[in-house]
Structures are given as C-alpha cells and as structure tokens.
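Following: one structure in structure tokens, then a few remarks.
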Amino acid sequence: MPGSAVTGPALVSALFAAAGAGVYAVDGEGVVIACNPWAERVLGYAPGALIGVDAHRVLDPRAGDGRGLPPQRSVLEDVALGKRASGDRAILVRADGSALQVWWTAAPLPPEAGHGQGVVVVFHDASARRERDDRRADRYAHSETMREQAEYDLAQITWLSEVTLAMVTTLDADEALRRLVRLLVPRLADTAVIHDVNGRALRRVAWAHHVPDVLPPDPAARGGSLPDHPAHAAALARVLRGAGVQTVAVPPAAGADLLSVVEAVETLVIPLRLRATTFGALTLARAAASPPFNEALRAVAEEVARRAALGLDNTRLHADQADIAATLQRALLTELPTVPGLALAAHYQPAQSAAEVGGDWYDAFPLDNGDIAVVIGDVTGHDIQAASRMSELRNMLRALAVDRAEESPGQILRRLDTAQARLTLADSATAVLARLHPGPDGSWELSWSVAGHPPPLLITAEGTATYLTGPHAMLLGVRPTQPRPTEHRTLPPGATLILYSDGLIESRTQDIDTGLTRLRQHACAHHGLPLSELCAKLARDLGDTRDDLTLIATRTPPGSR
C-alpha cells in the first residue's frame, strides 16, 4: 500500500544495507563512520566492528607490516582534489590478515554530511571476476586448440585425398607412383622411394628428394642405377617375405648407394600390401637435420601405403581385365585365308582406356570359283553381349554368303537383314560386304555393298586415294524388305582396298569428315608400306585409343592386268 512504502532516510538506509557491493565511508581523519553488511561479511568483521577504526591503518597494506603486500596509500589521498577515483588492482586486508583483491570507486562525501573531507568507497571482490576471466581465457585457449586441431585434421584429410586422386586418376601404375612420391616429399620425408614387385624381385619405380637434381628424375634414367644400401636391401627383402614396417638405422657404407647419396640417417620401409598380396614397398628417409620419425607420422605413412596398395590393386585388376577382354576379342576374330594372287592383312586394336570387349569385327573367307569375301562390321556396344552378338552376326553372314555364293553382296546383306529382324542378332549393326573375283587375265573384279558403314578406301599404286561412295543403304535390320544396291569396279594393278571401323576416323574430339580426310591423306603418304605394316600404322597414328577399331585390307599384285 502507498502508505506503507519506505521513504526518506529509511529508504537510503535500506539501500545501503542491501547493496550488492561493499560500501564504507570515512571522515576527514580517515576513521570509518559507516559500513554496510556486505563489506563486513566479505572483510570478515562482526557487525559494527569496523566503525571508529582507522581505515588506512587497518584495511590498507603498509610497508613493514610483515604481510609482504605492496604498500597502498590512503583513499583520502586519491580523492584529495575532490574528484572521483577508481582502480581495479587494490588490496584490502581482511580481519584474519589475508589479502582481498578488489576493484573500487571512491567519491568525496558531500559537505552537508558534516564529516569534513570524508570519502565514500564502493568495492567489489575481484577474485570472482578474476575466476570468470580465467575461465573465459581457458575456454578461449581450448577453442583455439580445437580450431587448430580441426584445421590440421582438415589439411591432413585434404592431403590424403590428393594422395588418393594421384593413385586413381590414371591406369598407368608407374605414373601413379611417380605422382605419389612427389606428394610425399617434403611433407613426410626428405626422400621417398617406391619399389614394386616384378616377378619375385623388387623393381625401383619412382623416387623423389627434397633438393633438386640430387637424384635423376627417373630411376630408369641414366644415373638412376644407384645400388640400395645393404641395410635397406635387407629390409626390402624382409618386406617381400611378408614382414611389417621396418625401421632402418643407416650406418655408413662403403661406396655410393642410394641412402648415402641422400644422406639418410633414419629410414622407414613400409609394405604396399593389400590383404595377402604385397605389391611393393615405400621407403621414407630423413637426414640428420630433420626431426626423427614419430608415431603420428608412422601412422600417416602406413595410411598412405594402404591407399597406394589399393590403387595398385585397381590398376592391375584393370590391366588383367583388359588383357582378358583383348584376348576374348581376338579369339572372336578370323584368321585370314591364303589367297593366290592377292595379299590380305588385318589389324585389331582394343580400347586402352577401359576393359571393354568391342563389337567391331573383320572377316575374310573363300567362296566358289576362287572368289574371296571380305567383311568389316560394327555392333553397337562395348561389353560381352556386344561381342556375343557380333559373333552371331558374323557367323550368320558367313553362312548366308557360302550358302548362295552366286548372289551379289547386296542380296546377301538383304537376307542378313531378314535374319537380323527376326532373330534380333544385334540392336544396331553396320557392315561392308565386298567380293573379289579373279579374272582370267589375272585382274580382280570388286563388287561391294555398304550397310550404314563408312565407305571403303581404294588407293592406287601411284598413291591416289578414293572413297568408294556408291549408293549406301541403312543399318542392318532396319528395313528387311528393302533391296540393297551392289556396286562393281575393276581393281587396278597394285591397288590397295581398305575396310575399317569408325574408331579410325571418328572420336569425341574429331568429326567424321575430318577423320575421313586424315585417313585418305595418311594412307596416300604411306601406301608403299607392306600391307600389314600399313594397317598397323594407320591404327597407331589415327585411331582413338578410347575406342576399339579394326581394319582389313587387300592388295592386288603389280602388273596383274
């Protein structure tokens, strides 16, 4: 109720008693004339015990008082000019003689209080504030430590990701290992060397040193035949037999060896091992000026070796699959027959960038009356199914051609259209079927039909090249009832006829028109090569290594007419 509210002197007294800080007042002589309960409690005095005492003599440390505290002048001196004063490093002496650090504010008493040049002091216990500051500093230091650790971990993960990319972005194992050693120096060691297993022995594949030109760029280059230190060679042999990480102290050795050249004093030899297979060994060496290997670095090195072994396992698995694919593809291709008066050659080049079995094929087989059939074809796809359908289509074309040898190439391909439409031998396929008939005067007559395939290339003995661009029909099986045209030409003496798949003229970086022009020019420039060499050179110089390709070529003898 309004009538019961505390006002005037009573209110001031209540606020003085309830203030959350120590408050005391001294008169002009420095004698305590008032003190609130908070100050008495913090300083350890009984209620009213401070009234009438000399504040400077009792509460302030003084020289020679035996407490060892820095002396402190009277608060009356701090406010001598009648202005406020404050500080955050003052000391008050408790009743038990202990020191209390405080931060304080002092102001002159108003003259009307009647106590002369007195002062009122408000102080707070600084220990709680100091504890808060200390806790805040500890939290900050901890957060900085955590931040630094997180940054280090992120940098380590990023670097290990680079190591992984170095191993998985190439299918060339030696190139992957050369990239790897460049990442390891100088981050993990002054020198890094990698040996891989070559049969039952170790072969030095890659190395790097933190000082340029100390080692040749390539261990296989001139000057790269430095022998291994005896202790190093022994450690490598143990790794090859299945041992774990080897620590090698490098004693001086007679003669020049690898570790002596790089001035190594401490070496780690880490197996490149996955499951039970040892792919090789990683050697990390440090010179005397570098700190020794510690457990953390050993753990990182072992993780690098594990990733390197996984990369080597992938590249070798890919190489094995590519070999299987190429072997299977070659097994599906035809051995060329021997034809009197006619040279035949063929070339198959598998894709290098993937373990794929292609749908490209070539074929040549004899017909009646000494005729010879020459075929090039391509089934869409790069897998086992494409190879299987290619084999079915090739065998069906052989059977149809041999069954009715008197038919023209266009008629035979039309019957293959029907078989393709009814039996679904392939989703999409192209082919060129050519028939060469020997004339009584030694000449050769060519008849051919094209089903959606690039045109044959005819090169004369003088080196003039022409594409046989007669009427072309659609892909096999698209219109099984549509007649297919057959073209005829007499081949001149010494003429070369080349049938090829689109991998020779088309790629992701080259359109088919450019590819046809390059093939014609290249064939003209090298038409004098033996037929097998010509096919191999065209494939090597013009072929897209990301796609498989085939060529089959025939050449009439010079002066055959």
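Quick notes
- Failed condition for GLN321, given (1) at pLDDT 85 or above; (2) over 22 Å from the mean Cα position of the chain (by Cα): (1)
- THR514 over 28 Å from ALA421 (Cα atoms), of a type in the set (S, T, N, Q) and not in a helix (DSSP H, G or I): no
- Count - residues of region 55-67 that are touching a strand residue (DSSP E or B) at 6+ places or on another chain (Cβ under 6 Å) and either of a type in the set (D, E, K, R) or assigned to a helix (DSSP H, G or I) (or both): 2
- First in region 133-146 and under 28 Å from ASP88 (Cα atoms), second anywhere and part of a helix (DSSP H, G or I) and of a type in the set (Asp, Glu), Cβ under 6 Å, 6 or more apart: none
- Total residues in region 530-561, condition open to solvent by less than 20 Å² (accessible area, probe 1.4 Å) and among the hydroxyl-bearing types (Ser, Thr, Tyr): 4
- Residue within region 112-123 that is in contact with a Lys or Arg (Cβ under 8 Å, 6 or more places away or on another chain) and assigned to a strand (DSSP E or B) present: no
- Failed item in (1) loosely packed, with under 14 Cβ neighbours inside 10 Å; (2) in contact with a strand residue (DSSP E or B) (Cβ under 7 Å, 6 or more places away or on another chain); (3) aliphatic (A, V, I, L, M), with ILE157 passing the rest: (2)
- Of the residues in region 89-98, at least one is surrounded by 10 or more Cβ atoms within 10 Å (Cβ to Cβ), at pLDDT below 85 and not in a loop (DSSP other than H, G, I, E, B).
- Residues that are touching a strand residue (DSSP E or B) at 6+ places or on another chain (Cβ under 7 Å) and loosely packed, with under 11 Cβ neighbours inside 10 Å, drawn from region 71-83: GLY82
- The strands (runs of 3 or more DSSP E) found wholly in region 370-471 and carrying at least 1 residues that are farther than 25 Å from VAL339 by Cα occupy 372-379, 429-438, 444-451.
- When ASN314 is tested against (1) surrounded by fewer than 22 Cβ atoms within 10 Å (Cβ to Cβ); (2) at pLDDT 90 or above; (3) within 30 Å of ILE157 (Cβ to Cβ), exactly one condition is not met: (2).
- Number of positions in region 127-142 that are open to solvent by less than 90 Å² (accessible area, probe 1.4 Å) and either modelled with pLDDT of 80 or more or acidic (Asp, Glu) (or both): 4
- Residues that are out of contact with any Leu (no Cβ under 8 Å at 6 or more places or on another chain) and over 21 Å from HIS472 (Cβ atoms) within region 387-413 comprise SER388, ASN395, ARG398, ALA399, ASP403, ARG404, GLU406, listed in sequence order.
- Any pair with Cβ under 6 angstrom, 6 or more apart, that starts in region 495-516 at a residue that is touching a residue at least 40 places away in the same chain (Cβ under 8 Å) and farther than 15 Å from GLN349 by Cα and ends at one that is open to solvent by less than 10 Å² (accessible area, probe 1.4 Å) and hydroxyl-bearing (Ser, Thr, Tyr): ALA495/THR556; LEU497/THR554
- Only a single item in (1) farther than 19 Å from ASP190 by Cβ; (2) surrounded by fewer than 21 Cβ atoms within 10 Å (Cβ to Cβ); (3) at pLDDT 85 or above; (4) not small (Gly, Ala, Ser) is not met by PRO271, and it is number (2).
- Test result for THR247, in a helix (DSSP H, G or I) and of a type in the set (Ser, Thr, Tyr): no
- For region 465-472, the condition of being in contact (Cβ under 8 Å) with a residue 12 or more places away in the chain, buried (at least 23 other Cβ atoms within 10 Å of the Cβ) and of a type in the set (Phe, Trp, Tyr) holds for none of the residues.
- Positions within region 114-132 being in contact (Cβ under 8 Å) with a residue 40 or more places away in the chain and not polar (S, T, N, Q), in sequence order: HIS115, GLY116, GLY118, VAL119, VAL120, VAL121, VAL122, PHE123, HIS124, ASP125
- Of all residues in region 395-420, those that are without any contact (Cβ under 8 Å) to a residue 60 or more places away in the chain and open to solvent by 10 Å² or more (accessible area, probe 1.4 Å) total 12.
- On the stretch given as region 427-478, residues that are of a type in the set (Ser, Thr, Tyr) and more than 19 Å from ASP502 (Cα to Cα) total 4.
- Scanning region 165-208 for residues that are among the β-branched types (Val, Ile, Thr), part of a helix (DSSP H, G or I) and exposed (fewer than 15 other Cβ atoms within 10 Å of the Cβ) gives a single hit, VAL168.
- Checking each residue in region 128-177 for being within 18 Å of ALA208 (Cβ to Cβ) and either touching a Ser or Thr at 6+ places or on another chain (Cβ under 6 Å) or among the hydrophobic types (A, V, I, L, M, F, W, C) (or both) picks out TRP159, LEU160, VAL163, LEU165, ALA166, MET167, ALA173, ALA176, LEU177.
- Residue in region 517-533 that is part of a helix (DSSP H, G or I), at pLDDT 90 or above and within 38 Å of the chain's Cα centre (by Cα) present: yes
- Any chance ALA90 is among the hydrophobic types (A, V, I, L, M, F, W, C) and in contact (Cβ under 8 Å) with a residue 24 or more places away in the chain: yes
- Note on region 28-54: residues that are assigned to a loop (DSSP other than H, G, I, E, B) and open to solvent by 30 Å² or more (accessible area, probe 1.4 Å) amount to 11.
- Residue within region 447-457 that is modelled with pLDDT of 90 or more and out of contact with any strand residue (DSSP E or B) (no Cβ under 9 Å at 6 or more places or on another chain) present: no
The values are calculated or read from the model by the stated rules, or taken from the named source; none is laboratory data. This is a predicted model, so every value here is computed, not measured. Virtual Cβ from ideal backbone geometry, glycine too; neighbours counted across all protein chains shown. Heads up: the accessible areas ignore ligands, DNA and RNA and are worked out on the full protein's heavy atoms, side chains in. Shrake-Rupley method; radii C 1.70, N 1.55, O 1.52, S 1.80 Å.
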